[in-house]
């Protein structure tokens, strides 16, 4: 689909392109920003003075890939680029286009460059949907400048897009909009008489507005779709005020008492953590569901899950931390709603794992000594020897290499004398940590024997 040929501005709206009366577009489409000044969010990417903004304004764009969740402005920014550029602009979706389309665009771009010197900017939405061989078709033409590629993806480009293509493009990471920014878009849509709902003179109740913002979770399109559905409900009832029940009915999502910036946010995550610690998987899953349904950022949840896997499970089951980290990877790689499944799996694992807070207590004790005691120099036998002259300084002298001894263990001092106030790590008898404790007891026995032997030799 050709959007711009360099002679006139593209239209973002069917009504502007049709001589007759077109079917009304969704509110989210009508309210797309028309220029960079109207664009909301992503200040780090297109704010004043940024490389990308200057490249767009100077019409000097090179190949870029926009990566981020839905509703954060990736496609909208591509359409803004179409308005600014004098280049020929083509737009494709990887869902509906194939290699034949790519070849046609490239052939036309090559001819256009030879005949008129006009560049071609090719926007490919959901570029990750092309397989690696299809992506390879772009590479030589991106490399020689025949086309300037603007790719849009919700998937991590370092996983889903060919490395050579990534290396020839600048990656821009789009973040979810803040609640304040989503609220700004809602207010703009309500006030705009030309493209929005301004002619209807609607009033959005504060609690209804807060619920839409919460449901959107940083997705501008989702917020405007919910507002439009609620406005239609109000119109059906002949009312000018959009209430919370209208929004709930339109979105089919009940408003939960949960504010991502308020007390409920901390209360619910606290209940989740305590359920994990207390070994109640059903309770932990309930609080997990409450957070997900209320629009909590899954990254926030999984960060807490990782901490609990180390703090409350620890070495009683070391796999808990591995699984929690795998869930974090799934959140980034898969995204919601599917990521709720690995989140649930990891939640259940951590909740039902044997518990030990020995690692948490150990680092707390060590930090206590570091803060309270004078820090003596590192003993010479433990100092690094990987540079010229280290041995002349006596570094490493007397160090015993454990692998040269039976059981790959040899008693020797690893701390300056008087540094440690008490044993830091005291393993419990829970799960795998019981085996760790047994191993440490054996090492302690060998240390005592070595110390006894040393004393006997000194006594002569």
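The values are calculated or read from the model by the stated rules, or taken from the named source; none is laboratory data. Given the structure is predicted, the values throughout are model-derived calculations rather than measurements. Don't worry about glycine lacking a Cβ; one is built from the backbone with ideal geometry, like all the others, and counts go over all protein chains shown.
Looking at the range 267-277, which of the residues that are more than 12 Å from residue 307 (Cα to Cα) and touching a residue at least 12 places away in the same chain (Cβ under 8 Å) is surrounded by the most Cβ atoms within 10 Å (Cβ to Cβ)?
Taking the range 267-277 first, the residues more than 12 Å from residue 307 (Cα to Cα) are 267-272, 274-275.
Still in the running and touching a residue at least 12 places away in the same chain (Cβ under 8 Å): 268-269, 271-272, 275.
On the way: 268: 22, 269: 18, 271: 16, 272: 25, 275: 22.
Among those residues, the one meeting the criterion is 272.
Of the residues in the range 106-119, none is touching a strand residue (DSSP E or B) at 6+ places or on another chain (Cβ under 9 Å), closer than 21 Å to residue 69 by Cα and at pLDDT below 90.
Take residue 257 and decide whether it is at pLDDT below 85, more than 28 Å from residue 155 (Cβ to Cβ) and outside the structural domain of residue 158 (by TED's automatic domain parsing). Answer is yes for this residue.
Go through the residues of the range 30-37 one by one and say whether even a single one is within 21 Å of residue 184 (Cα to Cα), free of Cβ contacts under 8 Å to residues at least 24 places away in the same chain and either touching a helix residue (DSSP H, G or I) at 6+ places or on another chain (Cβ under 6 Å) or assigned by TED's automatic domain parsing to the domain that holds residue 122 (or both). Checked the range 30-37: at least one residue is within 21 Å of residue 184 (Cα to Cα), free of Cβ contacts under 8 Å to residues at least 24 places away in the same chain and either touching a helix residue (DSSP H, G or I) at 6+ places or on another chain (Cβ under 6 Å) or assigned by TED's automatic domain parsing to the domain that holds residue 122 (or both). With respect to the conditions (1) part of a helix (DSSP H, G or I); (2) at pLDDT below 90; (3) buried (at least 17 other Cβ atoms within 10 Å of the Cβ), residue 56 lacks only one, and its number is (2). Before we move on, is residue 348 closer than 19 Å to residue 431 by Cβ, under 18 Å from the mean Cα position of the chain (by Cα), surrounded by fewer than 22 Cβ atoms within 10 Å (Cβ to Cβ) and in contact (Cβ under 8 Å) with a residue 12 or more places away in the chain? No, not satisfied.
Within the range 194-234, the residues that satisfy the criterion of being touching a strand residue (DSSP E or B) at 6+ places or on another chain (Cβ under 9 Å) and part of a helix (DSSP H, G or I) are 208, 209, 212, 227, 230, 231, 233, 234.
Would you check if residue 147 is farther than 18 Å from residue 89 by Cβ and in contact with a helix residue (DSSP H, G or I) (Cβ under 7 Å, 6 or more places away or on another chain)?
On the way: farther than 18 Å from residue 89 by Cβ: no; in contact with a helix residue (DSSP H, G or I) (Cβ under 7 Å, 6 or more places away or on another chain): yes.
It is false that residue 147 is farther than 18 Å from residue 89 by Cβ and in contact with a helix residue (DSSP H, G or I) (Cβ under 7 Å, 6 or more places away or on another chain).
Among residues of the range 46-66 that are without any contact (Cβ under 8 Å) to a residue 24 or more places away in the chain, those with a Cβ under 7 angstrom from a residue that is part of a helix (DSSP H, G or I) and surrounded by 14 or more Cβ atoms within 10 Å (Cβ to Cβ), sequence gap 6+ or separate chain, pair up as 47/53; 53/46.
Any idea which residue in the range 196-208 is surrounded by the fewest Cβ atoms within 10 Å (Cβ to Cβ), counting only those that are touching a helix residue (DSSP H, G or I) at 6+ places or on another chain (Cβ under 6 Å) and within 21 Å of residue 38 (Cα to Cα)? Here the answer is 198. Residues of the range 351-387 being in a loop (DSSP other than H, G, I, E, B) and in contact (Cβ under 8 Å) with a residue 40 or more places away in the chain, which ones? Scanning the range 351-387 gives 353, 354, 355, 356, 357, 373, 376.
A residue that is touching a residue at least 24 places away in the same chain (Cβ under 8 Å), outside any helix (DSSP H, G or I) and surrounded by 22 or more Cβ atoms within 10 Å (Cβ to Cβ) can be found somewhere in the range 304-321.
Every residue, every condition in (1) surrounded by fewer than 20 Cβ atoms within 10 Å (Cβ to Cβ); (2) modelled with pLDDT under 90, yes or no:
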{"site": "15", "(1), (2)": "yes, yes"}
{"site": "45", "(1), (2)": "no, no"}
{"site": "51", "(1), (2)": "yes, no"}
{"site": "73", "(1), (2)": "no, no"}
{"site": "76", "(1), (2)": "no, no"}
{"site": "101", "(1), (2)": "yes, yes"}
